[in-house]
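Q: This is the structure, below, for whatever I ask next.
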Amino acid sequence: MSSKLLKILPVLAVILNLFLSSFSWAQVGNHSISSFPKAKRTLEREIYIDSRQTLYCQAQFDSHKNVFPPAGFHTEKYVKRAQRIEWEHVVPAENFGRSFEEWREGHPQCVDSKGRSFKGRKCAEKVNLEFRLMQADMHNLFPAIGAVNALRSNYNFVMMDAEASASFGSCQMKIRSRKAEPPSHARGVIARTYLYMEQSYPHFSMSRQQQQLMSAWDKQHPVNAFECQRAQRIEKLQHNANKVVKQRCIDFGLL
């Protein structure tokens with residue numbers, strides 16, 4: 001083997017590894033829908049066609065994005081947003097977005113009409129395809145009352161002290177000190193979404209504490225028929241499976 005070839009082999013190995021890594025996530029995660037607005041329209045029109053219920057508060061909503069909070073629901077903030085449905089990133093966009101250089105540092109293409117540079121979500125969305133695919137992944141998008149979506153923000157999920165009160169009256173969603181505790185009926189769905197996102201994208205990983213919590217919630221709160229049906233519908237349209245949900249559905253005889 002020539003000395004010249006020996007010198008370029010390490011470079012070729014790096015290029016091959018990068019290619020295989022990109023191919024791997026593209027096959028496991030979303031690789032077909034890169035538009036966040038399109039993802040939301042698809043969810044509204046083709047996924048939640050016969051079970052229009054929000055994740056956290058189990059509020060009903062209609063095909064015109066009107067939401068009907070349960071009796072006893074109230075909020076002191078974002079009152080107008082409490083009247084409409086929004087699409088919540090269960091794994092917040094910021095939680096994976098900050099791993100992209102364009103989010104943190106900006107990019108030469110991220111310049112507004114006045115010549116000012118910008119960064120953050122807007123920049124990552126403009127120039128990075130992988131970010132757009134992650135942002136539009138329907139497996140990670142769920143309907144929520146707008147006010148709940150706004151107040152949950154990008155806060156991590158935790159288990160709070162038993163005496164912590166609900167933040168929205170009859171809806172048992174708790175938000176305190178930049179943390180959130182979801183109602184029990186939502187915990188399994190949330191856990192299997194976090195597990196899916198970590199398995200599917202190198203740009204997202206959980207802390208050890210998060211992994212332990214999500215693994216526990218996954219076991220404590222099994223899948224139901226609609227979670228399985230939802231995952232199947234998304235797989236058909238987005239062309240990739242939430243393999244965590246799919247396996248649980250098989251295990252429980254729902255597929």
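The values are calculated or read from the model by the stated rules, or taken from the named source; none is laboratory data. The shown structure was predicted, so the numbers you read here are calculated from the model rather than taken from an experiment. Methodologically, a virtual Cβ is constructed for each residue, glycine included, from the backbone with ideal geometry; neighbour enumeration extends over all protein chains shown. Ligands, DNA and RNA are excluded from the accessible area calculation, which covers all protein heavy atoms including side chains. Shrake-Rupley method; radii C 1.70, N 1.55, O 1.52, S 1.80 Å.
Q: Among A71, A162, A150, A144, which is the only one that is closer than 19 Å to T54 by Cα, open to solvent by 10 Å² or more (accessible area, probe 1.4 Å) and not in a helix (DSSP H, G or I)?
A: Working: A162 fails: closer than 19 Å to T54 by Cα; A150 fails: not in a helix (DSSP H, G or I); A144 fails: open to solvent by 10 Å² or more (accessible area, probe 1.4 Å).
After ruling out the rest, the residue left standing is A71.
Q: Please find, within region 165-196, the residue that is most open to solvent (accessible area, probe 1.4 Å) out of those that are closer than 28 Å to A241 by Cα and either touching a Gly at 6+ places or on another chain (Cβ under 6 Å) or among the hydroxyl-bearing types (S, T, Y) (or both).
A: The selected residue is S184.
Q: Of all residues in region 28-55, how many are in contact with a helix residue (DSSP H, G or I) (Cβ under 7 Å, 6 or more places away or on another chain) and under 12 Å from I85 (Cβ atoms)?
A: Qualifying residue count, region 28-55: 2.
Here is a yes/no grid of residues against (1) within 26 Å of V189 (Cβ to Cβ); (2) among the basic types (K, R):
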position: D62; (1), (2): yes, no
position: P70; (1), (2): yes, no
position: E94; (1), (2): yes, no
position: R104; (1), (2): no, yes
position: Q109; (1), (2): no, no
position: G115; (1), (2): no, no
position: V127; (1), (2): no, no
position: F131; (1), (2): yes, no
position: M138; (1), (2): yes, no
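Q: Looking at R98, R41, R52, which is the one that is farther than 30 Å from H203 by Cα and either within 22 Å of the chain's Cα centre (by Cα) or acidic (D, E) (or both)?
A: It is R52.
Q: Then there is this: Do you know which residues across region 112-141 are among the acidic types (D, E), surrounded by fewer than 24 Cβ atoms within 10 Å (Cβ to Cβ) and touching a residue at least 40 places away in the same chain (Cβ under 8 Å)?
A: Matches in region 112-141: E125, E130.
Q: Among the numbered criteria (1) in a loop (DSSP other than H, G, I, E, B); (2) in contact with a Leu (Cβ under 7 Å, 6 or more places away or on another chain); (3) closer than 18 Å to S34 by Cα, which single criterion is violated by V91?
A: Only one criterion is unmet by V91, namely (2).
Q: Identify all residues within region 197-230 that are hydroxyl-bearing (S, T, Y), within 16 Å of the chain's Cα centre (by Cα) and open to solvent by 20 Å² or more (accessible area, probe 1.4 Å); write none if there are none.
A: Result: S205, single match.
Q: Looking only at region 231-250, count every residue that is surrounded by 14 or more Cβ atoms within 10 Å (Cβ to Cβ) and either touching a His at 6+ places or on another chain (Cβ under 9 Å) or not in a helix (DSSP H, G or I) (or both) and tell me the total.
A: Qualifying residue count, region 231-250: 8.
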